[in-house]
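Right, I'll just put the structure down here and ask away after.
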Amino acid sequence: MIVVKIELWPLGDQSKARTLGIANIANDGTGDPSNGNYKVALSHAGKFFGKPGVYKSGEVKNFNRSLSPYHLLMRALQACLK
């Protein structure tokens, strides 16, 4: 699983970091060595962070594994935030 955490560091101070949201990207096991399929779950974000349940969810199909993980993150967010 890939976990992407969005944090706010007030005035750049990491000791005061506050989590704004989390994206979980999980391989669903149906891909092949070249292309993967993923399920995506976004937590509630901002002032709603910590609220139980999933805010948005989606799927990424046929992702070319040779691409950067940033491409996977972009596709994951696009799948959830249509």
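The values are calculated or read from the model by the stated rules, or taken from the named source; none is laboratory data. Worth saying up front: this structure is predicted, and the values here are computed from it rather than measured. Don't worry about glycine lacking a Cβ; one is built from the backbone with ideal geometry, like all the others, and counts go over all protein chains shown.
Yes/no matrix, rows are residues, columns are (1) outside any strand (DSSP E or B); (2) modelled with pLDDT of 95 or more; (3) closer than 24 Å to GLU7 by Cβ:
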| site | (1), (2), (3) |
| --- | --- |
| ALA23 | no, yes, yes |
| PRO33 | yes, yes, no |
| GLY36 | no, yes, no |
| LEU42 | no, yes, yes |
| GLY50 | yes, no, yes |
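Answer yes if at least one residue in segment 4-13 is touching a strand residue (DSSP E or B) at 6+ places or on another chain (Cβ under 6 Å), closer than 17 Å to LEU81 by Cβ and touching a residue at least 40 places away in the same chain (Cβ under 8 Å), and no otherwise.
yes
Looking at (1) surrounded by 11 or more Cβ atoms within 10 Å (Cβ to Cβ); (2) assigned to a strand (DSSP E or B); (3) not basic (Lys, Arg), which is the only condition VAL3 fails?
Going through the list (1) surrounded by 11 or more Cβ atoms within 10 Å (Cβ to Cβ); (2) assigned to a strand (DSSP E or B); (3) not basic (Lys, Arg), VAL3 breaks only (1).
Now, a different point. Which one is surrounded by the most Cβ atoms within 10 Å (Cβ to Cβ) among residues in segment 6-50 that are more than 25 Å from ASN64 (Cβ to Cβ) and small (Gly, Ala, Ser)?
SER43
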